[in-house]
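Every number here is computed from the coordinates shown, using simple stated rules; none is lab data. As the structure is a prediction and not an experimental result, all values here were calculated from the model. Cβ sites come from the backbone with ideal geometry, for glycine too, and all protein chains shown count toward neighbours.
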Amino acid sequence: FFPCLKENKSAVLPTPKPSSLLLFSISSAAEILCITLSMGRKRNLSEDGGREDEEEKPMKERRVKEKQEGRESMRPSMIKNKEKRAAVHAKLKQQKKVEKRKKVKAREAAEKKALELGEEPPPKMVPRTIENTRESDETVCLPDDEELFAGNDVDEFSAVLKNERSPKILITTSRYNSTRGPAFISDLISVIPNAHYYKRGTYDLKKIVQYANEKEFTSVIVVHTNRREPDALLVIGLPDGPTAHFKLSKLMLRKDIKNHGKPTSHKPELVLTNFTTRLGHRVGRMIQSLFPQDPEFRGRRVVTFHNQRDFIFFRHHRYIFETKESKQKESKGKKSKDEKNPPERTIARLQECGPRFTLKLISLQHGTFDTKGGEYEWVHKPEMDTSRRRFFL
């Protein structure tokens, strides 16, 4: 850059401006940096090119295999046309159905062969569900729990369940009621024997409980409505409680059920299932105290409270026995004598009477209804829902 230095080392150089030196140094440094980066990138590409090819080879081979086997064409999500996607989905569903049927037939043949040979059949496969993989709970009731049976003799429901008192139910509504609330109450009255409906008016709930105690009612049921739809049930045991608050959902009245039956005035049979814990046992006994303990089987009425994953499903059915002629295989030869009088067989079927709804326990309170000074046995909180496999009933 400075040729005068070669000829005369003692020559005085002109002093350059500081701004020009700064710009020169920055531009030269930037050019050197770009050159080194580009050379390093080319070197890396040349060195790693072989590695990338080696990693992509099995991926390419697998894609070729999938194309040959037709797997990519069978994925419905990859098809944009709606009709073609539906057709492919239906075809896959049919194939799964056929494979499942083949597995069932193979399992049945293996069981039959084992029985013929006198061997033990292969163990049946138990499906893995949320119910049979639930978290262990210390409060699950055991069949040999003496403390539990001793407590049943002295709890609040023992007088009704031992037939010392006949159940008598008072049903009322919330203060702001709708037309769908009384319609649901009329269905409840047809389900629960000895139930009476009283209009709420402007009375306080504590006064209603006091009146029900004086008239020797055993329970009070309050139907709460919100936005013209029943959304909660409050069940109060008398005279000493407890009080259960249930969330009501999926309500379907009798008139909305297709081909519903008309129930009779007989006392129904009561079925309670899956109330396994201490809390569930207490709630089950509370529901049981609403119904008389001497069912009339001739009425063929069944009321079911089925607990599954802490949701209590209510159903009201009537079972019917019918006689039908059993079908016989047609023979090519002469007609048999029994064809004139074919044998009959009895068939049992269910007819739903309604209503239909689902309950979810929100809280269980000691004593009768008291929002300020009441003590709670159990209250559901969002922090308790830590797992899908944790149940309380």
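Taking K and R as +1 and D and E as -1, what net charge do the other residues with C-beta under 9 Å from the C-beta of Glu216 add up to?
That works out to +2.
If you take the Cα Rg of the range 91-247 and divide it by 2.2 N^0.38 Å, with N the number of residues, what do you get?
Details: Rg = 26.0 Å, N = 157, 2.2 N^0.38 = 15.0 Å.
Dividing the Cα radius of gyration by 2.2 N^0.38 Å gives 1.73.
With Cβ to Cβ distances under 10 Å as the rule, what net charge do the other residues near Leu364 carry (K, R +1; D, E -1)?
Spelling it out: positives minus negatives among the neighbours equals 0.
So which trypsin sites (Lys or Arg not before Pro) in the range 116-197 end up in coil per DSSP with only 14 or fewer other C-beta atoms within 10 Å? Intermediate values should be presented prior to the final figure.
Details: sites: Lys124, Arg128, Arg134, Lys162, Arg165, Lys168, Arg175, Arg180; in loops: Lys124, Arg128, Arg134, Lys162, Arg165, Lys168, Arg175.
Those satisfying the criteria are Lys124, Arg128, Lys162, Arg165, Arg175.
Tell me which GluC sites (Glu not before Pro) from the range 106-148 have a DSSP coil assignment and no more than 13 other beta carbons within 10 Å of their own.
Taking the range 106-148 and a limit of 13 other Cβ atoms within 10 Å, the loop GluC sites (Glu not before Pro) found are Glu119, Glu131, Glu135, Glu138.
Among Asn226, Gly241, His260, whose Cα projects farthest towards the positive end of the dipole of the range 226-273, with charges put on the beta-carbon of Lys, Arg (+1) and Asp, Glu (-1)?
So the residue furthest toward the plus end is His260.
Could you rank the peptides 227-238, 256-267 by their average count of other C-beta atoms within 10 Å per residue, with the highest value first? Please report the intermediate quantities before stating the final value.
Working: 227-238: 17.6, 256-267: 13.6.
Sorting 227-238, 256-267 by mean packing, highest first, produces 227-238, 256-267.
Computed FRET efficiency, Cβ-Cβ of Phe149 and Gln308, R0 30 Å: what is it to the nearest 0.05?
For R0 = 30 Å, the calculated efficiency reads 0.75.
So for the pair Leu117, Asp256, with labels modelled 7 Å out along Cα→Cβ, what separation do we get in nm?
5.7 nm
Given R₀ = 51 Å, FRET efficiency for Val104-His366 by Cβ-Cβ distance, to 0.05?
0.45
Would you please state which residues of the range 159-203 a label at Glu296 would reach in this model, taking the label point 7 Å out along Cα→Cβ and a backbone N cut-off of under 16 Å?
167, 190-195
When all C-alpha to C-alpha distances in the range 198-302 are sorted into bins of 5 Å, what percent of pairs does each bin hold, rounded to whole numbers?
Percent of pairs per bin, in order: 2, 9, 15, 17, 22, 19, 12, 3, 0.
Scan the range 103-178 for chymotrypsin sites (Phe, Trp or Tyr not before Pro) in coil per DSSP, keeping those whose Cβ has at most 16 other Cβ atoms within 10 Å, and list them by number.
Sites meeting the loop and neighbour criteria: Tyr176.
D for the range 245-314, whole µm²/s, Stokes-Einstein with Kirkwood Rh over alpha-carbon pairs at 4 °C and 1.567 mPa s: what number?
Numbers: Rh = 13.8 Å.
For the chosen part, D equals 94 µm²/s.
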